[in-house]
Amino acid sequence: MKLKPSKLNLKDRIKRLEKLIDASLALSSTLNIDDLLNLILQKAEDVMEAEASSVFKIDPEKNVLYFLTARGVKGKEAKNIQIPMGKGIVGWVAEHGKPLLVADVTKDKRWFSVVDKKTKFITRSILAVPLFVKGRIIGVAEVLNKRGNRQFNKDDLEMFMSLGNQIAIAVENASLYKELDELFLSSIRAIVEAVDAKDPYTRGHSARVVEFSLLIGKQARLNKKRMKDLEVSAILHDVGKIGIPDRILGKPGKLTFDEFAYMKNHPKFGAEIIEPIAELKRLSPNILHHHERFDGNGYPDGLKGDSIPLYARIIAIADTLDAMTSDRPYRQRMENNAAILEIERCAGSQFDPQLVKIFMNAYGKTT
C-alpha cells in the first residue's frame, strides 16, 4: 500500500516530538504494570490522535496473542479475546515482525472481524507495530481510527514505531519487576510462615491477618500502592517473634508476667529486623506500633489516636480478630460473630472507631 505523503510543517513536527518525549518520560514513571499499560495507551492515543488502542502480548505456549490492556469505549469487552498467531492484522504483525498500516480494514483480507463483532466497536483503520526486546518479539501495539475520520500516514507510522520501542522496553521492565515483586512477597511469606510454625497455635496466623487487613483496606478505598504497603506490613507484623525463645512462644499455657513482658518486645524486634532493608524501612512503624491502643494504653510507646500509623491501626483489628477466632492452649476460640461484636465493643478504646465502622461494613459484605 502506498502511504500518503506527510503534510506536517516544522511547527507540527516539533509539537509531535514534544508529545513523544512526554510519552517516553511518562512510560518510565511507574513499574506497576496495570497503571503503566493504561498510561502507555493514553499517551499513544494522544500522540497518534487515535480513538482507541491496545497492547497485545504473545503466549508462545498457546500460540496466541492476548490483550494486556485495551482502551476505548469497548476496551473491557476486548480483554478476554485471544487472537491466533498469524490471524488478523495484529497476528500478521506478530508473525512477520513488521509494522502494518491499514487505511481501510474492510479492504484487507487479513482483517479479523471477530473482535469487532464481540465488542461492537467499529474499526475503520489500524496502525500496528511489533514490540521487540533484545531481538525477540514479545507482542504488538496498535492504535485504531484516527480522529476526525482522517487516515494514518507515513509520519504516524514512524512516530508509532518510535513509541513502540519505548512501549516494548516499558512492558518488559514492568513484567520483570512484577516477577521480582512476586518473588519478594513469596520470600517474606516463607520467612514469616516459618516463624508462625514455631507455635502450632499460630500456624497461618500472618496469612489470615493479611486477608483481614486487605479487606479493611479495600473497604477504605486505599489505592494500589497503599494496599501493597499494607499487605507487606501485615505479612511482617509478627516477624519479630523470631527473636522470642521457643519456651515462651510455644508455651502450652498462659504466660507469666515476665514472659509476657518479654513477648511484648516482638514489635521492637520486628522493626529492628526490617530497619536496615532500604525498601522496607519506611514500613517499620507499622510493625513497631501494631499493638498500640487507640486510647493510649498499648505498647511499646503508648501512642494514642491518629498518632498511631494507619496501617498499624488496621493490622491491630485484623490481628485481634484472628487471635480471638483461633484456639489457644488456655482457651477455646470465639465464634466469628462474637469476635466481631467484641471488636465493635472496643471501638474508641482499643481500636480506631472509624476503622471499626469500615471493618464492620467490609466484613458484613463477605458473610
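This table checks each residue for (1) part of a helix (DSSP H, G or I); (2) polar (S, T, N, Q); (3) touching a Gly at 6+ places or on another chain (Cβ under 8 Å).
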site	(1), (2), (3)
Gly270	yes, no, yes
Leu303	no, no, yes
Asp306	yes, no, no
Ile315	yes, no, no
Ala339	yes, no, no
Ile343	yes, no, no
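Of all residues in segment 135-156, those that are part of a helix (DSSP H, G or I) and surrounded by fewer than 16 Cβ atoms within 10 Å (Cβ to Cβ) total 4. Determine whether Ser213 is crowded, with 18+ Cβ neighbours inside 10 Å and either free of Cβ contacts under 8 Å to residues at least 40 places away in the same chain or assigned to a loop (DSSP other than H, G, I, E, B) (or both). Here the answer is no, as Ser213 does not meet what is asked. Taking each residue of segment 347-362 that is closer than 16 Å to Ser213 by Cβ and of a type in the set (Phe, Trp, Tyr) and looking for partners that are at pLDDT below 95 and in a helix (DSSP H, G or I) with beta-carbon atoms closer than 6 Å, six or more apart or interchain, yields nothing.
Meeting the requirement of 1 or more residues that are surrounded by fewer than 16 Cβ atoms within 10 Å (Cβ to Cβ) and touching a Gly at 6+ places or on another chain (Cβ under 8 Å), the strands (runs of 3 or more DSSP E) wholly within segment 52-134 are 82-84.
Every residue, every condition in (1) more than 13 Å from Val192 (Cβ to Cβ); (2) assigned to a loop (DSSP other than H, G, I, E, B), yes or no:
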position	(1), (2)
Lys241	no, no
Arg247	yes, no
Glu259	yes, no
Ile273	no, no
Pro276	yes, yes
Glu279	yes, yes
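From the list Leu303, Leu321, Leu283, Leu288, the lone residue that is in the same structural domain as Tyr262 (by TED's automatic domain parsing) and under 23 Å from the mean Cα position of the chain (by Cα) is Leu283. Candidates Leu36, Leu3, Leu65: the one that is modelled with pLDDT under 80 and closer than 17 Å to Ser175 by Cβ is Leu36.
Put simply, of Ala312, Ala323, Ala316, Ala338 the only residue that is surrounded by fewer than 20 Cβ atoms within 10 Å (Cβ to Cβ), among the hydrophobic types (A, V, I, L, M, F, W, C) and within 18 Å of Lys264 (Cβ to Cβ) is Ala323. If only residues of segment 251-278 that are in contact with a Phe, Trp or Tyr (Cβ under 8 Å, 6 or more places away or on another chain) and surrounded by fewer than 21 Cβ atoms within 10 Å (Cβ to Cβ) are counted, the one that is modelled with the lowest pLDDT is Gly253.
The values are calculated or read from the model by the stated rules, or taken from the named source; none is laboratory data. What you are looking at is a predicted structure, and each value in this text was computed from that prediction instead of being measured. Glycine gets a Cβ as well: all are built from the backbone with ideal geometry, and neighbour counts include every protein chain shown.
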